[in-house]
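Below is one structure, written out as structure tokens; comments come after it.
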Amino acid sequence: MTQSLIFALARGRLLDETSSLLTELGIEPIESLTGSRRLMFDTRHPGVKLLVLRATDVPPYVERGGAHLGIAGKDVLLEYGSDMLCEPVDLQLSRCRLMTAMKKGIELPAKGRIRVATKYVNIARRHFASQGRQIDPIKLYGAMELAPLVGLADVIVDVVDTGNTLEANGLEPRDLIIHSSARLIVSRVAMKTRHQHIFPMIEKLNKWTKSQHAS
Ligand code: AMP
């Protein structure tokens, strides 16, 4: 008997948006993914199990074979930076912009390193390097918006949706780094060894994404 196909999902806002996608694939979980402390779930599809992970843990699980495929934001994928992951479908879920933001009316220091509060240290380093600036990264896991207010950082790099959180904290968006959305990711290895299961899923999800955004 072949081992189950393991599908890694990200906890949080993206998980809420993936339920209709799972229905489309016929892999509904047999119990609620959000109301349990369980990390691995059986589904109505006998050959598929689901993992529910932190968003940043989805790429390493898929890359290292802990899962065959998964769903991850483009922001998280760029920060992780692996060339062992394929991104066959842009699911167009959880769309947001990755931006720099600063206190209103404040400019970057004219010289020296820029203090950047972010969980996207690699992306921030590359972004400011493209402007010829070096950064002093301050890795935070939440509430980035606070860092410029208390003088911890000159600038933040974070995801922005409506911009309300920036506005509520006296910050304003500056540079757009990327538009992000959720992607189906598959390890290069699983793409070969599990293609008979994974290719039909890719086809279904391509159709599903088009139908969701047709109108
Ligand atoms: P907003 O106030 O709508 O701009 O949302 C910004 C807040 O929500 C920030 O704290 C972000 O970290 C978070 N956020 C916005 N969009 C996303 C997303 N697509 N995925 C994860 N977090 C997000």
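The values are calculated or read from the model by the stated rules, or taken from the named source; none is laboratory data. Quick caveat: nothing in here was measured; it's all calculated off a predicted structure. Counting neighbours? That spans all protein chains shown, and the Cβs are built from the backbone with ideal geometry, glycine included.
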task = For Thr100, indicate whether it is closer than 14 Å to Val160 by Cβ and more than 16 Å from the chain's Cα centre (by Cα).
result = yes
inquiry  = Taking the condition of being among the hydrophobic types (A, V, I, L, M, F, W, C), more than 16 Å from Leu77 (Cβ to Cβ) and surrounded by 15 or more Cβ atoms within 10 Å (Cβ to Cβ), how many residues in the stretch 157-189 meet it?
reply    = 3
Residue in the stretch 63-74 that is more than 16 Å from Arg13 (Cβ to Cβ), touching a residue at least 60 places away in the same chain (Cβ under 8 Å) and within 14 Å of the ligand (Cβ to nearest atom) present = no
inquiry  = Take Leu51 and tell me if it is part of a helix (DSSP H, G or I) and of a type in the set (A, V, I, L, M, F, W, C).
reply    = no
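Within the stretch 116-180, which strands (runs of 3 or more DSSP E) (wholly inside it) include 2 or more residues that are away from the ligand (no atom under 16 Å from the Cβ)?
On the way: elements: 135-139, 155-160, 171-180.
Counting at least 2 such residues, we get 135-139.
Among the candidates Leu108, Leu93, Leu98, Leu77, which residue alone is part of a strand (DSSP E or B) and either in the same structural domain as Val121 (by TED's automatic domain parsing) or buried (at least 18 other Cβ atoms within 10 Å of the Cβ) (or both)? Break it down into steps so the answer makes sense when it comes.
On the way: Leu108 fails: part of a strand (DSSP E or B); Leu93 fails: part of a strand (DSSP E or B); Leu77 fails: part of a strand (DSSP E or B).
Testing whether each residue is part of a strand (DSSP E or B) and either in the same structural domain as Val121 (by TED's automatic domain parsing) or buried (at least 18 other Cβ atoms within 10 Å of the Cβ) (or both) leaves just Leu98.
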message = Return the pair list, or none, for Cβ contacts closer than 7 Å from residues in the stretch 153-178 that are farther than 16 Å from Pro137 by Cβ to residues that are surrounded by fewer than 20 Cβ atoms within 10 Å (Cβ to Cβ) and β-branched (Val, Ile, Thr), at least 6 apart or on different chains.
response = Leu166/Val160; Pro173/Val160
Among (1) more than 19 Å from Glu17 (Cβ to Cβ); (2) in contact (Cβ under 8 Å) with a residue 60 or more places away in the chain - the single one His195 does not satisfy = (2)
